[in-house]
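The values are calculated or read from the model by the stated rules, or taken from the named source; none is laboratory data. As the structure is a prediction and not an experimental result, all values here were calculated from the model. Note that each Cβ is placed from the backbone with ideal geometry, even for glycine, and that neighbours are counted across all protein chains shown. The accessibility values were calculated without ligands, DNA or RNA, using every heavy atom of the protein model including side chains. Shrake-Rupley method; radii C 1.70, N 1.55, O 1.52, S 1.80 Å.
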Amino acid sequence: MRSGAAVLVEALRQEKVDLLFAYPGGSVIPIFDALYDAPDIKLILPRHEQGGGHMADGYARACGRVGVVIATSGPGATNLVTALATANFDSVPLVAITGQVKTKLIGNDAFQEADITGITRPVTKHNFLVRNVDELGHCLTAAFHIARTGRPGPVLVDIPVDVSMAKTDVPLPTEVHLAGYRPHVEGNLRQIRIAAEAINQAQRPVIYAGGGIIISGASDLLRQLAEKSNCPVTTTLMGLGCFPGRSPLSLGMLGMHGTFYANYAIMESDLVVALGARFDDRITGDVTKFAPGARIIHVDIDPASISKNIKVDIPVVGDARLVLEKLVELVHFVERRDWLARIEGWKKKHPLTYSSGGLRPQYVIEQLDEAAPDDAIICTEVGQNQMWTAQYYKFKIPRTFVSSGGLGTMGYGLPAAIGAQLACPGRRVIDVAGDGSIQMNIQELATAVQNKLPVVVCILNNGHLGMVRQWQQLFYKSRYSGTILEGNPDFVKLAEAYGALGRRVTEAKDVRGALDEALASGRTYVLDFVVEPEENVFPMVPAGEAIDRMIGGMT
Amino acid sequence: MTESKQVISAVVENRPGVLAHISGLFASRGYNIDSLAVGETENPLYSRITVVARGDEAILEQIRKQLAKVIDVIRVTELSGQNFVERDLMLIKVNAPAAKRGEILELAEVFEGKIVDIGVKHIMIEISGPEQKIEAFVELVRPYGIHELVRTGRVAMLRGVSGRPARAAESGEEKKSKN
Ligand SMILES: Cc1ncc(C[n+]2csc(CCOP(=O)(O)OP(=O)(O)O)c2C)c(N)n1
């Protein structure tokens, strides 16, 4: 016989979890107590449960393993909600363990009770409320299995405190059979053949690759497919890093802040090959005008993603890697000289550009691209900082771009960077931040310092909630309602107060030196880049327009 | 695209929270649901949910896929277009003064209704059958005055036998794909 908490420790060991993020409270004390005797499982204490959730998420995205976070009942659990929703949107494998009030008290509005399985049902892949300690092992093994397989996602296991303390001799299952869960992974060969034929016949094809390529580990196969079939590749935000940005076949990112040439290529194409991407509205703009002359192939592991936003001609349900293995065999080289020349023309005519003078945020990102090693992990917050990073940093390797794409969660970057740094201790990890976003989880500087993590935070400090200010400038007559950040702290002093290093940079000539110094310091480091206050992210497709209706940023 | 109605049947785990999950899914995605009926199946571990949904084919396809995606949903079958039996059960309390009583009883008989309660001024009738039959009856008795009416919502089942009896989860209906 052993306690429920001990079963949890067994389950963590079975999953080879050597690190987790946990914030204590009354209903999880038995679990913390059991972890006290498990020196092989390192407990990282965040300063806020949301931070802990994002750390587990950054950990999972950087190394591909399941991230684990623990929080107490009530407010601890509700503080996890944003982190779960963030992970759910971007298909990140997480297991969240929450404490719950005693089984007898559930439903009685007990102290620190929250119906967390009810609250998180729409933002998790699945969740469990464990009412009996004999079921705990099954639930935990199932939770890890569900989180990691198929389209990955967060799974929450809610454990009442008396269940953690109760004894059981039911052994922990090594695997579970779930009648309602059999992920489709092998694509249908007939469909793959039809897809290959369509690619071979196409005159003006474009591959549109998303986060699914990274999750399934199909980046090499994507490159083979593109080179063998001679197809240009554009990626989504979540797909950055899945195709080398410097390849001549690369079109960079598409969509609202995508490159001119990626959006034009899509609009003029006769075949869109969507791989592990889901036709998000930030990609398609006006769906009725998206790729009007193209047939659409859609490879996705989630049957519900297919034909959800856009009518698909050739659907293939399956894991991107397994499908691409077969697809690569079936395509052949086609010259497509006119098509590639046309794209080359657009690239020359409409490259990504920005104005010079002063300290431009885009310049900071370009310098970071040069200063950071190829395998550096770049996390971002949300807003202009995120888009400039996507546009100007040339990602070369999968799992080096860690950003909240689907939910767009400000405050994600710093904790995610901490998780990524713990997952990959030998690598450089940088959080590109806005002065707004960084203040949403800035308390996690303490976690970084406590654990001696050499995370570098690059604040692109424009004194505004820049992305919203940009929309106000362009579409609301510059009525800056609630977007001016007066009263920002001195970020350098703040860093120092936390025991980190800090440096302010106000001139372009100092950017590279500051980056080199921070990256070499081996310390948690905050760089406060005081950039042009009203710089905009261009090009831009106004929300709801066709994606070739781009404004700004054209020379 | 044109709107149509579809009868979707799902076998789900018989566990607290599953119905809340499914109704929450319909609500949060804004699907139009005409009726939803739940009950245990021959296997007490499973329940069957019968949903009548409305929308164009793209929406109906999404409803089926989103349902199938729920981990506690074991199997989703679209019954429309297949050979199936559907029933709806109604209890209806009709205003029935002595003078009209005979007519109402006659109507009930034609519709194979059962009289389940009679008072001085009313009759309660139980009727089951396909939706059109129920609705036709309601229209016929409406002129007498309806006090109260309650319906179970549709339940439905395919004709014929497929698969082994006891192992509902593995019988050969629409294969469930998951992610
Ligand atoms: C939690 C949260 N609240 C609000 C928003 C809406 N929002 C999107 S971008 C943005 C501005 C971000 O400002 P900042 O972090 O300074 O970055 P910048 O755009 O200036 O680079 C806001 C408020 C959001 N994405 N997330």
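Beta-bridge orientation, the protein assembly as shown: approximately 45 percent antiparallel, per DSSP, counting only bridges with both partners inside. Farthest toward the positive end of the dipole of the stretch A:410-553, out of A:Gly552, A:Tyr480, A:Gly513, is the Cα of A:Gly513, where the dipole comes from beta carbon charges about the Cα centre. The accessible area of A:Leu172, taken with all protein chains in place and a 1.4 Å probe, comes to roughly 30 Å². When all alpha carbon pairs of chain B are counted in 5 Å bins from zero, the resulting P(r) reads 1, 7, 15, 17, 15, 13, 11, 9, 7, 3, 1, 0, 0 %.
Of the residues A:Lys289, A:Lys493, ranked by 1.4 Å probe accessible area with the largest first, the sequence reads A:Lys493, A:Lys289. With the simple spin-label model, which puts each label point 7 Å out from Cα in the Cβ direction, the A:Val176 to A:Lys102 separation comes to 2.6 nm. The per residue volume of the convex hull around the alpha-carbon atoms of the stretch A:2-168 is 90 Å³.
Ordered from highest to lowest accessible area with the whole protein assembly present and a 1.4 Å probe, B:Ser35, B:Ser128 read as B:Ser128, B:Ser35.
Separation between the A:Tyr36 and B:Ser4 pseudo-spin-labels, each 7 Å from Cα along Cα→Cβ, expressed in nm? The modelled label-to-label distance comes out at 6.5 nm. Residue-wise HN-Hα couplings along the stretch B:22-28, as the Karplus relation 6.51 cos²θ - 1.76 cosθ + 1.60 with θ = phi - 60° gives them from phi, are 6, 5, x, 4, 5, 5, 6 Hz; Gly and Pro carry x. The Rg/Rh ratio of the stretch B:84-155, with both radii computed over alpha carbons and Rh defined as the Kirkwood radius, is 0.96. Relative to the Cα centre, the charge distribution of the stretch A:325-461, modelled as +1 at Lys and Arg Cβ and -1 at Asp and Glu Cβ, gives a dipole magnitude of about 320 debye.
Note on A:Leu474/B:Gln82: beta-carbon distance plugged into 1/(1 + (r/R0)^6) with R0 of 60 Å gives a FRET efficiency of 0.70.
Dipole size of the stretch A:189-349 about its Cα centre, with +1 on Lys/Arg Cβ and -1 on Asp/Glu Cβ: approximately 320 debye, rounded to the nearest 20.
Among A:Val468, B:Val7, B:Val85, the sequence by solvent-accessible area, most first, with a 1.4 Å probe is A:Val468, B:Val85, B:Val7. Protein heavy-atom accessible surface, 1.4 Å probe, per residue over the stretch A:189-349: 37 Å². A simple count of charges around A:Ser437, restricted to other residues whose Cβ falls under 10 Å of its Cβ and scoring Lys, Arg +1 and Asp, Glu -1, yields -3. Applying a DSSP loop filter and a limit of 15 other Cβ atoms within 10 Å to the chymotrypsin sites (Phe, Trp or Tyr not before Pro) in the stretch A:30-111 leaves A:Phe111. Among A:Gly25, A:Gln391, A:Ile106, flag the residue with its Cα farthest along the positive direction of the charge dipole of the protein assembly as shown, charges on Cβ as +1 for Lys/Arg and -1 for Asp/Glu. It is A:Gln391, whose Cα lies furthest towards the positive end. Over the stretch A:505-555, the hull volume per residue, using the convex hull of the C-alpha atoms, is 147 Å³.
Accessible area of A:Met440 (1.4 Å probe, protein heavy atoms only, ligands and nucleic acids ignored): about 100 Å². A 1.4 Å probe run over the protein chains yields, for chain B, 52 Å² of accessible area per residue, whole-number rounding. Carbon-plus-sulfur accessible fraction, the stretch A:361-530 (probe radius 1.4 Å, protein heavy atoms only): 52%.
Provide the FRET efficiency to the nearest 0.05 for the B:Thr152-A:Asp169 pair, computing r from the beta carbons and using R0 = 41 Å.
Efficiency at R0 = 41 Å is approximately 0.40.
The stretch A:299-415 has equivalent-ellipsoid semi-axes of 31, 23, 16 Å, by the square roots of 5 times the alpha carbon gyration tensor eigenvalues, sorted largest first. How much of the accessible area of the stretch B:84-155, in percent, comes from carbon and sulfur atoms when a 1.4 Å probe is used? Of all accessible area on the stretch B:84-155, carbon and sulfur atoms account for 56 percent.
Among the GluC sites (Glu not before Pro) found in the stretch A:320-428, those both in a DSSP coil and sparsely packed, with 13 or fewer other Cβ atoms within 10 Å of their Cβ, are A:Glu335. The Kirkwood radius of chain A, taken over pairs of alpha-carbon atoms, gives through the Stokes-Einstein law at 4 °C and 1.567 mPa s a diffusion coefficient of 53 µm² s⁻¹. For the stretch A:397-408, putting each phi into the Karplus relation 6.51 cos²θ - 1.76 cosθ + 1.60 with θ = phi - 60° gives couplings of 10, x, 6, 9, 10, 10, 7, 7, x, x, 8, x Hz, in residue order, rounded to whole numbers and with x for Gly and Pro. To the nearest 0.05, what FRET efficiency results for A:Ser247 and A:Lys452 with a Förster distance of 41 Å applied to their C-beta separation? Using R0 = 41 Å, I get an efficiency of 0.65.
What separates the Cα centres of the stretch A:322-369 and the stretch A:487-555 is a distance of 24 Å. Contact order normalised by length for the stretch A:2-168, with contacts defined as Cα pairs under 8 Å and 6 or more residues apart; what percent is it? About 28 percent, as a whole number.
Hey, got a sec? Which GluC sites (Glu not before Pro) in the stretch A:461-545 land in a DSSP loop and have at most 14 other Cβ atoms within 10 Å?
Taking the stretch A:461-545 and a limit of 14 other Cβ atoms within 10 Å, the loop GluC sites (Glu not before Pro) found are A:Glu486, A:Glu507, A:Glu534.
Here the stretch A:2-168 has 53 percent of its accessible surface on carbon and sulfur atoms, given a 1.4 Å probe and all protein chains in place. For A:Thr82, the accessible area of its heavy atoms, probed at 1.4 Å with every protein chain present, is near 60 square angstrom. Enter the angle in degrees (range 0 to 90, nearest 10) between the Cα long axis of helix B:57-69 and the first principal axis of the Cα atoms of chain B, meaning the one along which they spread out most. Tilt relative to chain B: about 70 degrees. Here the relative contact order of the stretch A:189-349, from alpha carbon pairs under 8 Å that lie six or more residues apart, stands at 29 percent. Chains A and B together bury some 1800 Å² of accessible area, summed over both sides, with a 1.4 Å probe. Here the dipole of the stretch B:84-155 is about 220 debye; that uses its Cα centre as origin and unit charges on the Cβ of Lys and Arg (positive) and Asp and Glu (negative).
Each of A:Gly285, A:Val492, A:Met440 was scored by the projection of its Cα onto the charge dipole of chain A, and the greatest displacement toward the positive side belongs to A:Gly285; charges sit on the C-beta of Lys, Arg, Asp and Glu. Normalised by the number of residues in chain A, the average gap of Cα pairs under 8 Å and 6 or more apart makes the relative contact order 14 percent. Size descriptors for the stretch A:390-516, from the alpha-carbon set: Rg then Dmax equal 15.6, 48 Å.
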